[in-house]
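The values are calculated or read from the model by the stated rules, or taken from the named source; none is laboratory data. Since the model is a prediction, treat every value here as computed from it, not as a measurement. We place every Cβ from the backbone using ideal geometry, glycine too, and count neighbours over all the protein chains shown. To get the accessible areas, we keep the full protein, side chains included, count just its heavy atoms, and leave off ligands, DNA and RNA. Shrake-Rupley method; radii C 1.70, N 1.55, O 1.52, S 1.80 Å.
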Amino acid sequence: MMKKLLLILLFTFSLAGYVSAQEEKEIPKITDKVSNEGWTNDANEAFKLVEEKNYPIILNFTGSDWCGWCKRIKSEIFDTDEFKTWVADNNIILLELDFPKGVSQSDLLRSQNQYLAQEFQVRGYPTIFMIKDKKMVQTGYVKGGPKNWIESVEADLKN
């Protein structure tokens with residue numbers, strides 16, 4: 001799975017280099033609104049920080065406006081002060097990859113999200129990946145609030 005991530009990152013940066021070289025333009029920034037405060041939805045920006053600073057990243061594949069478990073993990077975990085403190089203390093980049101039914105998205109955002117969902121073989125929502133120090137774990141909803149979710153992810157990263 002790590003090889004796949006590296007290929008995705010390589011593809012993303014290669015595409016950026018190709019676009020820049022061919023058209024002398026940058027890849028357009030995604031400006032769509034993000035449903036989770038503190039998250040970004042621009043994979044190019046997020047992966048750039050991961051590459052440059054070796055920060056950990058959480059990729060949250062979600063159906064923010066229709067998926068019950070996605071709404072639950074947002075309210076019980078992602079919106080809590082405990083989770084936000086953990087993210088800040090660990091310099092974690094938060095990447096939201098949303099597949100809403102009632103919220104319009106730009107073609108650029110929709111294409112990015114579909115591409116990454118295909119590459120990560122996402123089959124349902126929520127699907128969450130955490131990548132840290134060249135290790136990747138897949139998770140989703142964990143009962144018991146932010147403490148249990150964080151402990152679960154950290155334990156999986158140690159194995």
Subject >> Some residue of the range 76-85 being open to solvent by 80 Å² or more (accessible area, probe 1.4 Å) and either touching an Asp or Glu at 6+ places or on another chain (Cβ under 8 Å) or modelled with pLDDT of 95 or more (or both) >> reply: yes
**OP:** Just one of (1) surrounded by fewer than 15 Cβ atoms within 10 Å (Cβ to Cβ); (2) within 19 Å of Gly68 (Cα to Cα); (3) in contact with a Phe, Trp or Tyr (Cβ under 6 Å, 6 or more places away or on another chain) trips up Gly144, so point out which.
**Re:** (3)
Subject >> Number of positions in the range 55-78 that are free of Cβ contacts under 8 Å to residues at least 60 places away in the same chain and part of a loop (DSSP other than H, G, I, E, B) >> reply: 5
Original post:
Can you tell me which residue in the range 115-139 is surrounded by the most Cβ atoms within 10 Å (Cβ to Cβ), limited to those that are in contact (Cβ under 8 Å) with a residue 12 or more places away in the chain, in a helix (DSSP H, G or I) and of a type outside the set (Asp, Glu)?
Top reply: Leu116
Original post:
Is at least one residue of the range 1-17 closer than 17 Å to Ile131 by Cα, outside any helix (DSSP H, G or I) and modelled with pLDDT under 65?
Top reply: yes
**OP:** Please go through the range 87-111 and pick out each residue that is more than 16 Å from the chain's Cα centre (by Cα), part of a loop (DSSP other than H, G, I, E, B) and surrounded by fewer than 17 Cβ atoms within 10 Å (Cβ to Cβ).
**Re:** Lys101, Gly102, Val103, Ser104, Ser106
Original post:
So Gln114 fits all but one of (1) touching a strand residue (DSSP E or B) at 6+ places or on another chain (Cβ under 6 Å); (2) under 28 Å from Glu52 (Cβ atoms); (3) of a type outside the set (A, V, I, L, M, F, W, C); (4) at pLDDT 95 or above; what number is the exception?
Top reply: (1)
